1. Quick check on my filter: what residues within segment 101-114 are touching a Phe, Trp or Tyr at 6+ places or on another chain (Cβ under 6 Å) and aliphatic (A, V, I, L, M)?
2. Does at least one position in segment 117-133 carry a residue that is under 15 Å from the mean Cα position of the chain (by Cα), at pLDDT below 95 and open to solvent by 30 Å² or more (accessible area, probe 1.4 Å)?
3. Would you mind stating whether LEU151 is assigned to a helix (DSSP H, G or I), touching a strand residue (DSSP E or B) at 6+ places or on another chain (Cβ under 8 Å) and surrounded by 13 or more Cβ atoms within 10 Å (Cβ to Cβ)?
4. Is one or more of the residues making up segment 186-194 of a type outside the set (Ser, Thr, Tyr) and more than 12 Å from ASN81 (Cβ to Cβ)?
5. In segment 180-227, which residues are without any contact (Cβ under 8 Å) to a residue 40 or more places away in the chain and among the hydroxyl-bearing types (Ser, Thr, Tyr)?
6. List the pairs whose first member sits in segment 8-30 and is over 21 Å from ILE58 (Cα atoms) and touching a residue at least 24 places away in the same chain (Cβ under 8 Å), whose second member is among the basic types (Lys, Arg) and open to solvent by 30 Å² or more (accessible area, probe 1.4 Å), and whose Cβ atoms are under 9 Å apart, counting only residues at least 6 apart or on separate chains?
7. Out of TRP64, TRP11, I need the residue that is under 19 Å from ASP87 (Cα atoms), touching a strand residue (DSSP E or B) at 6+ places or on another chain (Cβ under 6 Å) and among the aromatic types (Phe, Trp, Tyr). Which one?
8. Give the number of residues within segment 28-48 that are open to solvent by 100 Å² or more (accessible area, probe 1.4 Å) and within 23 Å of ILE66 (Cβ to Cβ).
Amino acid sequence: MFDLSVTFICWLYFTLGFLFLFAPLYLWSSLFHKEKARAFQRYNRLFYRFFFRILHNIAPRQHWEIDAAIGSLRGSVILCNHRSYLDPLLLIAHLYRATTIVKSVFFTVPIFGWVIRTSGYLPATASGPFAALMLTQMESLPAYLASGGNLFVFPEGTRSRDSRIAPLHQGALKIARQCRVPVHVLVVENTDRLFTPGVFLFAASQENTIRLRLVETIAVQDLQCSLSDLGQRVRRAMEGRQREAELA
């Protein structure tokens with residue numbers, strides 16, 4: 001019953017909180033703000049920060065350890081492992097400015113699709129009806145990164161079901177090299193224990209510590225080596241942190 005109550009309150013915030021607190025802000029910015037994507041990203045960050053604050057208060061057995069350095073990241077490509085649907089929400093809540101790659105089907109969802117499109121998020125598919133949108137977002141990406149924005153990507157492409165790091169896609173590393181911005185590697189832990197893939201209820205009643213760590217930074221001058229070597233460096237950083245967590 002406790003897990004059900006926590007889940008109900010969270011979904012209540014996602015529906016009523018959006019409609020009555022944030023929808024007017026999004027609407028006002030879409031009509032009058034010159035930099036719509038910047039405004040929408042700021043509201044996205046606030047929306048999810050409030051969500052995690054609520055979750056922190058109603059689920060006291062969930063503990064949070066977030067690396068303070070993450071909030072100061074600017075103008076970079078960020079790679080993170082993927083354990084739960086909570087992961088992108090956690091990154092949006094703690095990054096100053098952030099865009100990301102979203103499953104293309106979400107762009108067709110009423111209201112939500114409008115929000116992520118206006119926020120400057122990129123569709124995962126670059127073909128069919130999403131080709132023009134992908135081209136537009138990619139053309140604006142260098143200027144966005146140069147102005148201090150961050151692009152975060154889950155290079156595994158999907159959530160891990162056994163906590164092991166899956167093969168990593170190299171697309172984000174190519175973007176970092178082309179735009180000449182650093183790469184930051186993050187590792188998230190135990191979000192899947194709170195919101196397990198394939199399970200509707202939050203497991204809020206069990207003792208759990210969720211961690212988000214900055215474990216590696218690849219400077220611009222180090223991006224000139226092969227993509228294979230860069231991918232191995234990212235993997236070593238992620239798996240090294242996982243081994244430390246297991247030993248602890």
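The values are calculated or read from the model by the stated rules, or taken from the named source; none is laboratory data. Everything numeric here is computed off the predicted structure, so don't read it as measured data. Please note: Cβ atoms are built from the backbone with ideal geometry, for glycine as well, and neighbour counts cover all protein chains shown. When the accessible area is computed, the model is the full protein with side chains, heavy atoms only, and any ligands, DNA or RNA have been set aside. Shrake-Rupley method; radii C 1.70, N 1.55, O 1.52, S 1.80 Å.
1. Applying the first criterion (touching a Phe, Trp or Tyr at 6+ places or on another chain (Cβ under 6 Å)) to segment 101-114 yields 102, 104, 113.
VAL102, the sole residue that qualifies.
2. yes
3. no
4. Filtering segment 186-194 down to residues of a type outside the set (Ser, Thr, Tyr) leaves 186-190, 192-194.
From what is left, the residues that are more than 12 Å from ASN81 (Cβ to Cβ) are 193-194.
Yes.
5. THR217, SER226
6. SER30/LYS36
7. None of the others qualify; the one that does is TRP64.
8. Result for segment 28-48: 1.
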